[in-house]
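What follows is one structure encoded as structure tokens, with my remarks underneath.
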2 protein chains.
Amino acid sequence: MQCNNFEQAYKKEMRAVQDSMDVLYGKWKISIISSICYYNKRRFSDILGDIDGISNKMLSKELKELEINQLIKRTVLDTQPVTVQYELTAHGKSLQTIINNLTDWGIKHRKVITGK
Amino acid sequence: MQCNNFEQAYKKEMRAVQDSMDVLYGKWKISIISSICYYNKRRFSDILGDIDGISNKMLSKELKELEINQLIKRTVLDTQPVTVQYELTAHGKSLQTIINNLTDWGIKHRKVITGK
DNA sequence: CTGAATCCTCTGCGATACTG
DNA sequence: CAGTATCGCAGAGGATTCAG
């Protein structure tokens, strides 16, 4: 009984982690979120410049996925020619903690691997 | 000047996040770490059973990568037939926070998407 | 400027079978 | 039991071009 509860809680947590990873999966997702987050509002071509190596195809694709997952908001500005602005939703902003943690851990990890 | 410092800090953080993601990337990495973490010590076939859908090939491959990144420790037990035990290193354990955050966020995310 | 469309390559990953 | 070897495919992702 104890054991069953334990098992169930475990499965549930596993699923939750997977849910998160599904959203964050993709070679550039985190970079994109970080970029928008840093600048608050950011245009397509700006992000394209921020991230080294990304192609417009991938940026477009991953932005779309992030929008579907309601992490970012897309606004078409009535300029000539048209520009598009991206910003984080409240839900997207709630990823901040995780990104910060990943940043810290990444720095620590580099030290561990490269031999303190 | 202000701007340059800002830019540099930004690039540095981006790289750190990417470092983390490189390690955690792979369809099963997080699940594997979670499994070992929950049970403290875990054998190959146990993990194989814990994670739904994983193949022995992938488990073997990702375990190897995790070991290279010094997140887990592999111990061959002198039994008949041979069994192998995996456990988290101190460095691997330091991922706990991130995994917990991901779990929490995943639960929240599901609520947001499925419409509160 | 912001994408969508096309083409093409490479690899992540599954299924299965085999070894010490 | 704990892997390694082989085969095969779908999809990720790059380069380039086209369109509103």
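So the values come out like this:
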item	result
Tally of residues being surrounded by 19 or more Cβ atoms within 10 Å (Cβ to Cβ) and either of a type in the set (A, V, I, L, M) or under 13 Å from the mean Cα position of the chain (by Cα) (or both) across segment A:4-15	1
Flag for residue A:69 being open to solvent by less than 50 Å² (accessible area, probe 1.4 Å), touching a Gly at 6+ places or on another chain (Cβ under 9 Å) and away from DNA strand C (no atom under 15 Å from the Cβ)	yes
Single residue of A:38, A:25 found to be facing another protein chain (nearest Cβ under 10 Å), of a type in the set (Phe, Trp, Tyr), open to solvent by 40 Å² or more (accessible area, probe 1.4 Å) and under 20 Å from residue B:110 (Cβ atoms)	A:25
Pair list, Cβ < 8 Å and 6+ apart or interchain, from segment A:55-74 residues that are closer than 17 Å to residue A:27 by Cβ and more than 12 Å from chain B (Cβ to nearest Cβ) to residues that are within 8 Å of DNA strand C (Cβ to nearest atom) and among the charged types (D, E, K, R)	A:63/A:74
Search result, residues across segment B:76-99 that are away from chain A (no Cβ under 14 Å) and loosely packed, with under 11 Cβ neighbours inside 10 Å	B:76, B:77, B:78, B:79, B:80, B:81, B:82
Residue in segment A:34-50 that is of a type in the set (D, E, K, R), out of contact with any Gly (no Cβ under 7 Å at 6 or more places or on another chain) and away from DNA strand C (no atom under 16 Å from the Cβ) present	no
Segment A:51-66, subset at pLDDT 95 or above and small (Gly, Ala, Ser), residue nearest to DNA strand C (Cβ to nearest atom)	A:60
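The values are calculated or read from the model by the stated rules, or taken from the named source; none is laboratory data. This structure is a prediction, so every number in the text was calculated from the model and none was measured. In this analysis, Cβ positions are derived from the backbone assuming ideal geometry, glycine residues included, and neighbour counts consider all displayed protein chains. Keep in mind that these areas ignore ligands, DNA and RNA; they rest on the heavy atoms of the full protein, side chains included. Shrake-Rupley method; radii C 1.70, N 1.55, O 1.52, S 1.80 Å.
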